[in-house]
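Participant: Got a structure here, written out as structure tokens. Questions coming.
The values are calculated or read from the model by the stated rules, or taken from the named source; none is laboratory data. Given the structure is predicted, the values throughout are model-derived calculations rather than measurements. Please note: Cβ atoms are built from the backbone with ideal geometry, for glycine as well, and neighbour counts cover all protein chains shown.
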Amino acid sequence: MTVIEVRGRGGQLIERVRCHNEQINIGRAFDNDVIIADPYVSAHHLRLRLHEQGWQVEDLASENGVRYQRQTRDEAEHVQSGDQLRIGHTELHIYHDEHPVGQALKIDGGEVRLAFLGRHFIWPFLLVISSVIMLLSAYQHSFNEYKLLPVLQPVLWSILGVTIIAAIWALVGRLIKHRTYFPAHLSIWFLFGLGLQFAEYCAGVIGYNASSGMLQIILSKSLNFFLLLVAIGASITLATTLLSNKRLWISVGAAGLLLSFQLAGEVQWDRDFSSSPKYYTQLQSPGLLWVAPEDEEISSEQLSDLLGRAVVEMEKIRDAE
Amino acid sequence: MPRFIPLCKQSIIQLSRLQASFLAICLCFTLSVVSHAEEKGATTLFKQYQDRIFQIRIMDIVAEKKSGLGSGFLVSADGLIATNYHVVAKLVEKPSKYRLEYQDVEGKTQKLTLVDIDVINDLALVKAEVLDKNPMLFPDDQPTQGDTIYSIGNPFDIGFTVVPGTYNGIDEKTYYQRIHFSGSINPGMSGGPVLDRDGRVVGINVSSAGDQMSFLVPGSALKILLEQAQKREAPLIDFGQRIRQQLLDNQNKMISDFLAKEWSTQALGESQVLGEMKPFVKCWGGSSDDKELYKSVSTACRSNESIYLNDRFSSGVISYQFFWLEAGELNSSRFQSYYQSLFRRFEPDNRAYEDDVGNYVCDEKFVKDKKGGTDKLVFCVRAYQKYEGLYDALYLRGSVDQYDKASISHFTLAGVDQKNMDAFLNRFMEVIER
């Protein structure tokens, strides 16, 4: 018995047909055994004839001919189970019905759960939340008159950015898995953006209370890494069929790579000379201060220590020249 | 928003002192405003003394081309020529890259060696091997305000020029003594003499603020340097050490003079801040205009002159600034973010780059205010590379306990040692109240 797998442009599966006949007619006309809806295929394109080792292929004087993709090099017009033929823009995969199939994949719980993010009320909700937060922050940072257009512009750019990232993931999914999950990717990267802002805010408040600009930078970079890891991991789960441990390593690798680019710039900035102080934390709202103030004094010991550190820092700059 | 040094005049002085801004001020203009009689006096003077006045050139050894120009004049019978430190600064920094020579009025050149420098008064002494001429002399007493004096030099390398102008006395508002000269000094004239009617050296050309407003180093400062140089038996080799000592001595004197004065405070909003401290700093004030929704008043005080060390490095500056801010029409959240962005933008008030200083390191903490409030205090210092024991300090303090009011205080000390930094810092914290 013969199984014919019909695949369209880009290898997308259209149908699998089981044929009991020894002779199988394939073409666009309705009197064929396998009917192909491809305008580049002739009405009666080819005929397969089953024999002991495989099938004999007979081209029925078709317009565009038959091309072979065979596992064995065979001069005659002869194919074996697993071989492919190409007619028009259609691929035909020819199998015996005893042809072995692979083990069933375990259903990926992650993918099912993440696909939930693609529900049509989630991403618009996240879009609105993100826009409102961006607009509020722009409003808060305007000290003179509040003009809508210059405020709206960066918001629109950010939305466009997220959309492009989601679209790239959707395209990857389309190619690998034949599923786009575009709304779900959109939700993932909106959540990432929101997470990033929240992380920055938390790092700022913690660094401020600890009076350490360095702590703030370390904290914000670690949170960045974690968020990037989660977001890339989620998008990979949706877009590919990789197993979970492979997904993890790829996410760690990608997030690490992106962050190391950023860190390389950061390290350079740290080494570079700046004519104004680099490391002091910014002010926060009075309600966000949790530590008790000290006495109004900088002792001679503190000053000596500070000057000692300044000399070390100076030697670094001097020796770098 | 601009940097918080709203001192336009100040920065012009800085620039021209640098000789970096070749403000093309036409000299013809200067000559046309003086009367015929004065012009005649100038001609005679110039004829009489022109053999003692030189163009000082810094030559690039490899390129064999002029790399810097200034003017100078003979001050001793054994061939010592006076000029500005900023004319020879390149040579002091990189003695292997440059050499010195002069060109006299007749166009003859001769090699020069560096003998002594005074960075505080921007003076230098160089020596010619053979120079058999009479030196220029200093007057016994200063001219009176309004007297005509004559500045001589070689502006823009176009040839020697005499510029008559008016003696306007020592500028009382600067710590580093300068004579205020109403006349045009242009790049290239630096280091040239300014003579009275009898041909005696009243001062040395040093800087210009444009528009006929120029400054001279008093001849008395040169006299002191000359005496020191002539007393010295072995020639001076380590000019870096000489500069360091001068900077150390200067900051010792300046900070102790500053601390010895009574620190008068004045109200700024609800805070008490330090007023003008003559002659160390000059103060400017500012406030928000109608367009701004918040209310702010500020005062900024800064040394009038700084010590030139090189084109990218100046020191010897004291400056302080205070801001009082109120929310006005802004809600407290918008006001807070305005205040936070203002606090982020403070910079030191002296120029310095990676060839001369290190990066700032900071200590920050929350401190109790005298009235029971809480402030954030940031104190940063950077060390000098070539002058061990000298630092720039930057103090920044802002209130963090009120939603709709805020005060910021800031000071910069450029080129101080630990002892003086400590003393100034403690006095500052003691006096300022918000």
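Participant: Scan the stretch B:373-389 and tell me whether some residue there is surrounded by 22 or more Cβ atoms within 10 Å (Cβ to Cβ), under 21 Å from B:F313 (Cβ atoms) and out of contact with any Gly (no Cβ under 9 Å at 6 or more places or on another chain).
Facilitator: For the stretch B:373-389, residues surrounded by 22 or more Cβ atoms within 10 Å (Cβ to Cβ), under 21 Å from B:F313 (Cβ atoms) and out of contact with any Gly (no Cβ under 9 Å at 6 or more places or on another chain): present.
Participant: Which one is nearest to A:I218 (Cα to Cα) among residues in the stretch A:239-264 that are in contact (Cβ under 8 Å) with a residue 12 or more places away in the chain and of a type in the set (S, T, N, Q)?
Facilitator: Checked the stretch A:239-264; the qualifying residue nearest to A:I218 (Cα to Cα) is A:Q262.
Participant: Would you be able to say whether some residue in the stretch B:346-357 is assigned to a strand (DSSP E or B), crowded, with 21+ Cβ neighbours inside 10 Å, among the β-branched types (V, I, T) and more than 7 Å from every other protein chain (Cβ to nearest Cβ)?
Facilitator: Within the stretch B:346-357, none of the residues are assigned to a strand (DSSP E or B), crowded, with 21+ Cβ neighbours inside 10 Å, among the β-branched types (V, I, T) and more than 7 Å from every other protein chain (Cβ to nearest Cβ).
Participant: Can I ask one more? Would you check which residues across the stretch B:318-345 are among the hydroxyl-bearing types (S, T, Y) and either assigned to a helix (DSSP H, G or I) or within 19 Å of A:T281 (Cβ to Cβ) (or both) and list them?
Facilitator: Scanning the stretch B:318-345 gives B:S332, B:S333, B:S337, B:Y338, B:Y339, B:S341.
Participant: Right, another one. Answer with yes or no whether B:L31 is at pLDDT below 50, assigned by TED's automatic domain parsing to the domain that holds B:D118, in a helix (DSSP H, G or I) and over 19 Å from the mean Cα position of the chain (by Cα). So that I can check it myself, show each step before the final result.
Facilitator: Details: at pLDDT below 50: yes; assigned by TED's automatic domain parsing to the domain that holds B:D118: yes; in a helix (DSSP H, G or I): yes; over 19 Å from the mean Cα position of the chain (by Cα): yes.
Against the criterion (at pLDDT below 50, assigned by TED's automatic domain parsing to the domain that holds B:D118, in a helix (DSSP H, G or I) and over 19 Å from the mean Cα position of the chain (by Cα)), B:L31 qualifies.
Participant: Given the options A:V267, A:V311, name the one that is of a type in the set (V, I, T), surrounded by 16 or more Cβ atoms within 10 Å (Cβ to Cβ), more than 19 Å from B:L396 (Cβ to Cβ) and free of Cβ contacts under 8 Å to residues at least 24 places away in the same chain.
Facilitator: On the way: A:V267 fails: surrounded by 16 or more Cβ atoms within 10 Å (Cβ to Cβ).
Result: A:V311 is the single residue among A:V267, A:V311 that is of a type in the set (V, I, T), surrounded by 16 or more Cβ atoms within 10 Å (Cβ to Cβ), more than 19 Å from B:L396 (Cβ to Cβ) and free of Cβ contacts under 8 Å to residues at least 24 places away in the same chain.
Participant: Next question. Filter the stretch B:358-379 down to the residues that are assigned to a loop (DSSP other than H, G, I, E, B), without any contact (Cβ under 8 Å) to a residue 40 or more places away in the chain and more than 7 Å from chain A (Cβ to nearest Cβ) and list them by number.
Facilitator: Residue satisfying the conditions is B:G372 alone.
Participant: Looking only at the stretch A:253-260, decide whether some residue is touching a helix residue (DSSP H, G or I) at 6+ places or on another chain (Cβ under 9 Å), more than 30 Å from A:R119 (Cα to Cα), within 14 Å of another protein chain (Cβ to nearest Cβ) and surrounded by 14 or more Cβ atoms within 10 Å (Cβ to Cβ).
Facilitator: No, the stretch A:253-260 has no match at all.
Participant: Being at pLDDT 90 or above and of a type outside the set (F, W, Y): is that true of A:S275 here?
Facilitator: no
Participant: If B:A267 satisfies every condition in (1) surrounded by 13 or more Cβ atoms within 10 Å (Cβ to Cβ); (2) outside the structural domain of B:G72 (by TED's automatic domain parsing) but one, which is the exception?
Facilitator: (1)
Participant: Taking the stretch A:270-296 on its own, how many of its residues are part of a loop (DSSP other than H, G, I, E, B), exposed (fewer than 13 other Cβ atoms within 10 Å of the Cβ) and either within 37 Å of the chain's Cα centre (by Cα) or more than 7 Å from chain B (Cβ to nearest Cβ) (or both)?
Facilitator: 3
Participant: Which is free of Cβ contacts under 8 Å to residues at least 24 places away in the same chain, away from every other protein chain (no Cβ under 14 Å) and within 30 Å of B:F366 (Cα to Cα), of A:I232, A:I218, A:I236?
Facilitator: Unique residue meeting the criteria: A:I218.
Participant: Follow-up question, since we're still on this one. Which of the following residues is in contact (Cβ under 8 Å) with a residue 40 or more places away in the chain and within 30 Å of A:L136 (Cβ to Cβ): A:I188, A:I206? So that I can check it myself, show each step before the final result.
Facilitator: Details: A:I206 fails: in contact (Cβ under 8 Å) with a residue 40 or more places away in the chain.
Within the list A:I188, A:I206, the selection yields A:I188.
Participant: Against the definition (within 25 Å of A:G10 (Cβ to Cβ), surrounded by 15 or more Cβ atoms within 10 Å (Cβ to Cβ) and of a type outside the set (K, R)), how does A:Y208 come out, yes or no?
Facilitator: For A:Y208, the condition - within 25 Å of A:G10 (Cβ to Cβ), surrounded by 15 or more Cβ atoms within 10 Å (Cβ to Cβ) and of a type outside the set (K, R) - is not met.
A quick yes/no check of all residues on (1) surrounded by 14 or more Cβ atoms within 10 Å (Cβ to Cβ); (2) within 14 Å of chain B (Cβ to nearest Cβ); (3) at pLDDT 90 or above:
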position	(1), (2), (3)
A:Q140	yes, yes, no
A:L152	yes, no, no
A:G173	yes, no, yes
A:Y181	yes, no, yes
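Participant: Give me the residue from the stretch B:170-190 that is assigned to a strand (DSSP E or B) and at pLDDT 90 or above and, out of that set, farthest from B:N84 (Cα to Cα).
Facilitator: B:S182
Participant: Moving on. Based on what the data block shows, is B:K111 more than 24 Å from B:Q245 (Cα to Cα), without any contact (Cβ under 8 Å) to a residue 12 or more places away in the chain and charged (D, E, K, R)?
Facilitator: no
Participant: Taking only the stretch B:316-338 into account, find how many residues are in contact (Cβ under 8 Å) with a residue 24 or more places away in the chain and more than 7 Å from chain A (Cβ to nearest Cβ).
Facilitator: Qualifying residue count, the stretch B:316-338: 16.
Participant: Follow-up. With the checklist (1) over 23 Å from B:R334 (Cα atoms); (2) touching a Ser or Thr at 6+ places or on another chain (Cβ under 9 Å) in hand, flag the one item A:F121 doesn't pass.
Facilitator: (2)
Participant: While we're on this one: Determine whether the stretch B:421-432 contains at least one residue that is modelled with pLDDT of 95 or more and in a strand (DSSP E or B).
Facilitator: The answer is no, given that none of the residues of the stretch B:421-432 is modelled with pLDDT of 95 or more and in a strand (DSSP E or B).
Participant: Go through the residues of the stretch B:393-413 one by one and say whether even a single one is within 21 Å of the chain's Cα centre (by Cα), more than 7 Å from chain A (Cβ to nearest Cβ), assigned to a loop (DSSP other than H, G, I, E, B) and not basic (K, R).
Facilitator: Checked against the condition, which is being within 21 Å of the chain's Cα centre (by Cα), more than 7 Å from chain A (Cβ to nearest Cβ), assigned to a loop (DSSP other than H, G, I, E, B) and not basic (K, R), the stretch B:393-413 yields no hits at all.
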